[in-house]
Amino acid sequence: MTIDKSMMPGSSGPLEASSKKEISFWSNKYVLGLTTTAGIGGLLFGYDTGVISGALLYIRDDFKAVNDNSVLQETIVSMAVVGAMIGAAAGGWVNDAYGRKKATLLADVLFIIGSFVMCIAPDHNILILGRLFVGVGVGIASVTAPVYIAEAAPSEIRGGLVATNVLMITGGQFLSYLVNLSFTEVPGTWRWMLGVAAIPAVVQFILMIFLPESPRWLYRKDKKSKAIAVLENIYDSDRLQEEIDQLADASNKDSQSGKTVSYFDVLKSKEIRLAFFTGAGLQAFQQFTGINTVMYYCPTIVQMAGFSSKQLALLLSLIVAAMNVVGTIIGILLIDKCGRRLLALASLSGVFASLLILSYAFSLQPKTLGATLGSGAGWLAIVGLVLYIAFFSPGMGPVPWAVNSEIYPEAYRGVCGGMSATVNWISNFIVAQTFLSVVGLVGTRGTFLIFAGVSVLAFLFVLLFVPETKGLTFEQVERIWKERAGVLGMSAGSGGQHLQGNEA
Ligand code: BGC
């Protein structure tokens, strides 16, 4: 009996990356420049979410009302995430209606206004308003940058290029921890810590003026000659013709041709529902496996593990943030070679093992309130933390963003990407807001055990639902969902000249 492997989750079915002349990551300076510019949004995402924990220490010195009120402190921290939820939800639609370029410029304006407002804030209310502005900018950037990069990227290096945006996020977080650490002795500098974020936004705004709109968005909006002019900068003449043919083919089959789809349209067709379920599931699992408890509470976890010096705790978090950067670079190198599935599955296996180590280390904690780990167990907890980041960063860090930038059909790319980024931000909010209370409720050991359980579910989710999209064109990915939804016979129209049988 022969098994039709094309129907298995890990298979891209009869779809294979074509035998075209491959472009390497470093060879196309134009796409690399575009990626780095778009990635400034990622840098601000990382910096603005990372810097606040340090800045808060000094804000408390300046505003007595904040010092006396923990709800106000939490509001200052979480307002950016609330803004990001709004920005991601609305940003998806802005992307489809007005284009990726305008969405990026809009995010920059919000970053600039927000940073300025925070820098001059006379009281906590204005500060919170500034955080909201910056947060909306972060949300819009979190949807726009991956989509803009993916749409300009040759399919064989698309994963690595989108992951470069995640490198900018982790780089931004590292930078923010460095700033937090270097300003530990200087009171009152929080205005600079928050205000400097306007500078990369101004730089991105200026650079974006010179960069083109996404070729795929242009083509869809019937600005075909402009789209082709952009593609000419990316591909040589042979490959250019192939890319144009694919766009033309996709455009002929596009039932939503030229229209901006609404959020409700996502629920109407089975293949879009399937794609969204997969994309949003990955985003939720990225957060519910606990990454931001490590990123936001690392110094606290280090102190819980018995290292009481504040400086040492901050230094260890800086090391964790640096490892996150290095791990993301490894992810960039692997994602287009091993594929998204293998990388995510290997990452989740390591995350699971590290969480067990963390949980075990904290089980050695004496039962008395406020007690910390003995030095051996404390170091074991640090090992668990470091391993956690080493496994998370190449896989579950970049894969959800990369997959979400490539699994939706053109008409839905902004809206669905925005909705699933919103799922990411909501999950982020829930985990970050409840971490300390859950620790209070079930202990540190129990909390890490819960995350370990979630990582098993995440593993099964990837195994069962996430298709391999490595090297596939957008049109080929679209066919996967149609096949899964049963709206396309296995032998129906090829959808592009690159589709070849890969299962003998
Ligand atoms: C996540 C962020 C997280 C970061 C950690 C990103 O992929 O979306 O929420 O803080 O990785 O480096």
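The values are calculated or read from the model by the stated rules, or taken from the named source; none is laboratory data. Only a predicted model underlies this, so the values are computations on that prediction, with no experimental measurement involved. Every residue, glycine as well, gets a Cβ built from its backbone with ideal geometry; the counts of neighbours run over all protein chains shown. These accessible areas exclude ligands, DNA and RNA; they are computed on the full protein's heavy atoms, side chains included. Shrake-Rupley method; radii C 1.70, N 1.55, O 1.52, S 1.80 Å.
Listed values for region 76-88 are Karplus-derived 3J(HN,Hα) couplings in whole Hz (6.51 cos²θ - 1.76 cosθ + 1.60, θ = phi - 60°), namely 4, 5, 7, 4, 5, 5, 4, x, 5, 4, 5, x, 5, and x replaces Gly and Pro. In whole Å, how far is the Cα centre of region 432-454 from that of region 135-210? For region 432-454 versus region 135-210, the Cα centre distance is 29 Å.
Going by a ≥ b ≥ c, the root eigenvalues of the Cα gyration tensor, does region 125-181 fall in the rounded group (a/c under 1.5), the prolate group (a/b larger than b/c) or the oblate group? Oblate, since a/c reaches 1.5 and b/c is not below a/b. The angle between the Cα long axis of helix 291-304 and the longest principal axis of the Cα atoms of the chain comes to about 20 degrees, rounded to the nearest 10. Positive end of the dipole of the chain (Cβ unit charges, origin at the Cα centre): among SER347, ILE357, THR260, the Cα lying farthest that way belongs to ILE357. The protection proxy used here, the mean number of other Cβ atoms lying within 10 Å of each residue, ranks peptides 234-246, 166-178 as follows, highest first: 166-178, 234-246.
Here the calculated FRET efficiency for LYS310 and ASP123, from their Cβ-Cβ distance with R0 = 22 Å, stands at 0.20, rounded to the nearest 0.05.
Using only alpha carbon pairs under 8 Å that are at least six residues apart, calculate the relative contact order of the chain and give it in whole percent.
Details: 885 pairs, mean separation 130.2, N = 504.
Dividing the mean separation by the residue count of the chain yields 26 percent.
Applying the Karplus relation 6.51 cos²θ - 1.76 cosθ + 1.60 with θ = phi - 60° to region 324-334 yields 3J(HN,Hα) values of 4, 5, 4, x, 5, 4, 4, x, 4, 5, 9 Hz, where x marks Gly and Pro.
State the percentage of accessible surface on the chain attributable to carbon and sulfur atoms; use a 1.4 Å probe and exclude ligands, DNA and RNA. Mind showing how you got there, number by number?
On the way: 13470 of 19680 Å².
The computed percentage sits at 68.
Our estimate of slack between TRP379 and LEU436, defined as 0.36 nm per intervening residue step minus the Cα-Cα distance, is 18.4 nm.
The slack between VAL326 and LYS223, meaning 0.36 nm per residue of separation minus the straight C-alpha distance, is 33.1 nm. For the listed peptides 32-39, 188-195, a ranking on the average number of other beta carbons within 10 Å per residue, highest first, reads 32-39, 188-195.
Computed 3J(HN,Hα) for region 338-343, one whole-Hz value per residue from the Karplus formula 6.51 cos²θ - 1.76 cosθ + 1.60 where θ = phi - 60°, is 7, x, 5, 5, 4, 4, glycine and proline marked x. Between 0 and 90 degrees, the angle of helix 224-234 with respect to the longest Cα principal axis of the chain falls at about 70 degrees. By a 1.4 Å probe calculation restricted to protein chains, LYS470 has an accessible surface near 80 Å², given to the nearest 10.
Add -39500 (n - 2.57) for each DSSP H run of 4 or more in the chain, then divide by its residues: what number comes out at 222 nm, to the nearest 500 deg cm²/dmol? Mind dumping the intermediate values first?
Values: 20 runs with 377 residues, N = 504.
The helix contribution divided over the chain gives -25500 deg cm²/dmol.
Is region 322-473 best put as rounded, prolate or oblate by its Cα gyration tensor, with a ≥ b ≥ c the root eigenvalues, rounded for a/c under 1.5, and otherwise prolate when a/b is larger than b/c, oblate when not? Judged from the Cα gyration tensor, region 322-473 comes out prolate (a/c at least 1.5, a/b above b/c). Shape verdict for region 415-455, please, from the Cα gyration tensor: rounded (a/c under 1.5), prolate (a/b greater than b/c) or oblate. It is oblate, given that a/c is not under 1.5 and a/b is not larger than b/c. Using a simple spin-label model with pseudo-atoms 7 Å out from Cα toward Cβ, GLU242 and THR189 lie 5.2 nm apart. Packing order of peptides 435-443, 275-283, 412-420, highest average first: 412-420, 275-283, 435-443 (average count of other Cβ atoms within 10 Å over each peptide's residues). Principal-axis analysis of the Cα atoms of the chain puts helix 158-182 at an angle of about 20° to the longest axis.
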